[in-house]
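Scroll down for the structure; my scribbles are underneath it.
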Amino acid sequence: MAYKQLQQRGMAQPPVTVSSLRNMRAEAEAIACLTAYDASFAALVDEAGVDVVLVGDSLGMVIQGHDTTVPVTVADIIYHCRAVSRGLQRAFLMADMPFMSYTTPVQALDNAVRMMQEGGAMMVKLEGGLSQLRIVEHLAQHDIPVCAHIGLKPQSVHKLGGFRVQGRQQAEATRMVEEARALEQAGADIILLECVPGELGRAVRDAVAVPVIGIGAGPGVDGQILVLYDMLGITQGRLPRFVCDFMPEAGAVPAACAAYVRAVKERRYPAPEHCFS
Ligand code: KIV
């Protein structure tokens with residue numbers, strides 16, 4: 001690891017860090033993020049200029065073939081994180097805390113430490129709003145970088161009754177803005193906002209000072225993320241409205257990843273057809 005850091009010091013582009021992500025928000029540079037689950041794709045997306053790579057629990061669906069992210073375990077995330085970390089040079093590595101792996105502050109800290117020490121993650125992401133404040137606070141107090149995922153929370157799919165746009169009612173939208181503020185206050189370094197009307201995406205972004213990354217949250221946030229297999233046209237079946245398949249125009253995987261990064265940076269993605277109202 002130390003050797004890799006020394007190599008990176010000599011690189012034309014230094015590695016992405018929490019503070020460079022904050023600077024990108026301050027300088028209005030859109031943050032381009034993608035998921036990856038193995039070393040080969042990680043190297044490709046890194047080379048394409050992706051800023052943040054997420055080892056998402058979406059791996060339960062796109063790699064393992066489950067219908068939801070619920071069956072994914074901490075061991076699964078660590079396994080894929082280790083592979084992805086070997087493929088990365090510049091991008092910042094974030095990893096999902098799986099379903100029920102952060103029910104208490106102690107359990108959350110134990111699992112986050114494993115994901116960082118054994119998997120090489122630089123930040124952990126957990127789904128949750130006000131009920132997760134003490135977990136976020138506990139992780140932050142131990143200097144674990146945290147991304148708080150709000151809006152549509154796929155780990156709650158059985159409680160929600162399906163994958164649906166969130167925050168369309170005024171009361172729910174107001175609560176989401178409050179959640180984002182409280183999570184920032186508790187120590188979250190990034191907010192990830194999934195599947196909400198574009199107007200609410202902008203309101204959440206304006207309510208906090210940390211970077212807000214959106215997936216189906218419109219163009220008014222600080223960055224975008226997509227599931228790699230969705231934007232490469234690999235995922236079969238009906239896809240959410242916010243997904244854009246970059247393969248047909250690009251023709252090859254490296255070109256599709258580079259086209260995605262350009263589209264995010266130039267704020268051409270998401271286009272109106274990818275947004276909810
Ligand atoms: O698991 C995942 O890939 C995610 C993204 C959809 C943001 O959480």
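The values are calculated or read from the model by the stated rules, or taken from the named source; none is laboratory data. Keep in mind the model is a prediction, meaning the values are calculated, not measured. Glycine also receives a Cβ, built like all others from the backbone with ideal geometry; neighbour counts cover every protein chain displayed. The area values use the complete protein model at the heavy-atom level, side chains included, leaving out ligands, DNA and RNA. Shrake-Rupley method; radii C 1.70, N 1.55, O 1.52, S 1.80 Å.
Observations, loosely collected:
- Legend: P(r) of segment 16-56 from all alpha carbon pair distances, 10 Å bins from 0, whole percents, reading 29, 49, 20, 1.
- For segment 178-260, the percent of C-alpha pairs falling in each 5 Å distance bin, counted from 0 to the bin holding the largest distance, reads 3, 15, 22, 18, 15, 12, 9, 4, 1.
- Mean projected area of the convex hull spanned by the Cα atoms of segment 221-277, taken over all viewing directions: 4.1 nm².
- Stretching GLN141 away from GLU178 to a fully extended chain increases their span by 11.2 nm, per 0.36 nm per residue minus the current alpha-carbon distance.
- Comparing GLY201, GLY151, GLY167 in a Gaussian network model of the chain where C-alpha atoms under 10 Å apart are linked, the largest mean-square fluctuation is found at GLY167.
- D by Stokes-Einstein for segment 75-140, Kirkwood Rh over Cα pairs, 20 °C, 1.002 mPa s: 178 µm²/s.
- Relative protection proxy for 37-44, 154-161, from highest mean packing down: 37-44, 154-161 (other beta-carbon atoms within 10 angstrom).
- Carbon and sulfur %, accessible surface of the chain computed with the full protein complex present, 1.4 Å: 52 percent
- Percent RCO, i.e. relative contact order, over segment 25-271, from Cα pairs under 8 Å lying at least 6 residues apart: 19 percent
- Along the axis of the charge dipole computed for the chain (Cβ charges of +1 for Lys and Arg, -1 for Asp and Glu, origin at the Cα centre), the listed residues TYR37, ALA186, THR103 are led at the positive end by ALA186.
- Residues whose placed amide H lies under 5 Å from that of PHE92, excluding near-sequence neighbours: VAL16, VAL52, VAL53
- Ranked by the mean number of other Cβ atoms within 10 Å of their residues, highest first, the peptides 109-116, 191-198 fall in the order 191-198, 109-116.
- Distance between segment 58-102 and segment 182-259 - C-alpha centres, whole angstrom: 17 Å
- With coordinates expressed along the principal axes, the C-alpha atoms belonging to the chain extend over 49, 44, 40 Å, beginning with the largest.
- Treating r as the C-beta distance of THR103 and ALA26 and R0 as 45 Å, the FRET efficiency rounds to 0.80.
- The chain - charge dipole about Cα centre, Lys and Arg +1 at Cβ, Asp and Glu -1, debye rounded to 20: 120 debye
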